[in-house]
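Comments concern the structure below.
The values are calculated or read from the model by the stated rules, or taken from the named source; none is laboratory data. Quick caveat, the model's predicted, so the values are computed rather than measured. All Cβ positions, even for glycine, are placed from backbone atoms using ideal geometry, and neighbour counts span all protein chains on display. Areas reflect the complete protein model, heavy atoms only, side chains present, ligands, DNA and RNA absent. Shrake-Rupley method; radii C 1.70, N 1.55, O 1.52, S 1.80 Å.
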Amino acid sequence: MEKVGLTNTELQVSQLCLGTADFGTKRSREEAFRQMDVFLDGGGNFIDTAHVYGDWA
């Protein structure tokens, strides 16, 4: 997976971001880990883990 530079840092992040809003609510722990494994195995390293995810559950 291609990486891009994160502005004003030395970080290189994947062009795709894995959203985790459904983890723990609509996705089981096992499914969440499976999705993360597939994403990481594909070269992804940008995972959205906003603090508010799950607050509505």
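Kindly indicate which of 4, 13, 52, 38 is open to solvent by 70 Å² or more (accessible area, probe 1.4 Å) and either at pLDDT below 95 or part of a strand (DSSP E or B) (or both).
Testing whether each residue is open to solvent by 70 Å² or more (accessible area, probe 1.4 Å) and either at pLDDT below 95 or part of a strand (DSSP E or B) (or both) leaves just 52.
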Check: Name the residues in segment 16-35 that are open to solvent by 50 Å² or more (accessible area, probe 1.4 Å), touching a residue at least 24 places away in the same chain (Cβ under 8 Å) and more than 9 Å from the chain's Cα centre (by Cα), would you?
Finding: 24, 25
Item checked: Matching residues, segment 2-23, being within 18 Å of residue 34 (Cα to Cα) and either in contact with a Gly (Cβ under 7 Å, 6 or more places away or on another chain) or of a type in the set (D, E, K, R) (or both) -> 16, 18, 22
